[in-house]
Amino acid sequence: MNQTLAIAVLIALMAVAANIPFVSERLLGVVPWHRREAGAAKPFWLRLLELLVLYAVVIAIGFAFESRLGNRFAQTWEFYAITLAVFLVCAYPGFVWRYLMRHKGVRSTG
């Protein structure tokens, strides 16, 4: 795999992983979420926790790509702050779909 392909795959993976917590009612998109009441959705704090876990997974895959292509470079806190900001920007479409759009057949709770 060349560097250009690795970057494209990592960006696509980041966009998909960032939206999984908002478009799926499963934990990390895989494990079924057991609800206490029928129709209860995952709480927001759990979605944020999933977002952080998926961010760590994407970063680990990025480090694996970097190690495979050559030497892995040490990163400082600025790298993690910037990549987390980019990850959150990638998560915006899923957040909008989950919390800001009106869905047919769903009653308002307010």
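The values are calculated or read from the model by the stated rules, or taken from the named source; none is laboratory data. Quantities reported herein were computed from a predicted structural model and do not represent experimental measurements. All Cβ positions, glycine included, derive from the backbone under ideal geometry; neighbour counts span all protein chains shown. Surface areas here come from the heavy atoms of the whole protein model, side chains and all, with no ligands, DNA or RNA. Shrake-Rupley method; radii C 1.70, N 1.55, O 1.52, S 1.80 Å.
Data overview
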item: Residues of segment 87-105 that turn out to be open to solvent by less than 70 Å² (accessible area, probe 1.4 Å) and within 18 Å of V53 (Cβ to Cβ), as a count; result: 6
item: Subset of segment 14-33 (residues that are within 15 Å of V89 (Cβ to Cβ) and open to solvent by 60 Å² or more (accessible area, probe 1.4 Å)); result: V16
item: Those residues of segment 70-84 which are open to solvent by 80 Å² or more (accessible area, probe 1.4 Å) and over 16 Å from Y55 (Cα atoms), in sequence order; result: N71, R72, F73, A74, T76
item: Cross-chain or 6+ apart pairs with Cβ under 9 Å, segment 90-103 first and part of a helix (DSSP H, G or I), then of a type in the set (D, E) and open to solvent by 30 Å² or more (accessible area, probe 1.4 Å); result: none
item: Residues that are more than 11 Å from the chain's Cα centre (by Cα) and not hydrophobic (A, V, I, L, M, F, W, C), drawn from segment 67-92; result: S67, R68, G70, N71, R72, Q75, T76, E78, Y80, T83
item: Within segment 42-69, considering residues that are part of a helix (DSSP H, G or I) and charged (D, E, K, R), the one most open to solvent (accessible area, probe 1.4 Å); result: R68
item: Test for L84: is it free of Cβ contacts under 8 Å to residues at least 40 places away in the same chain and either farther than 21 Å from A8 by Cα or not hydroxyl-bearing (S, T, Y) (or both); result: yes
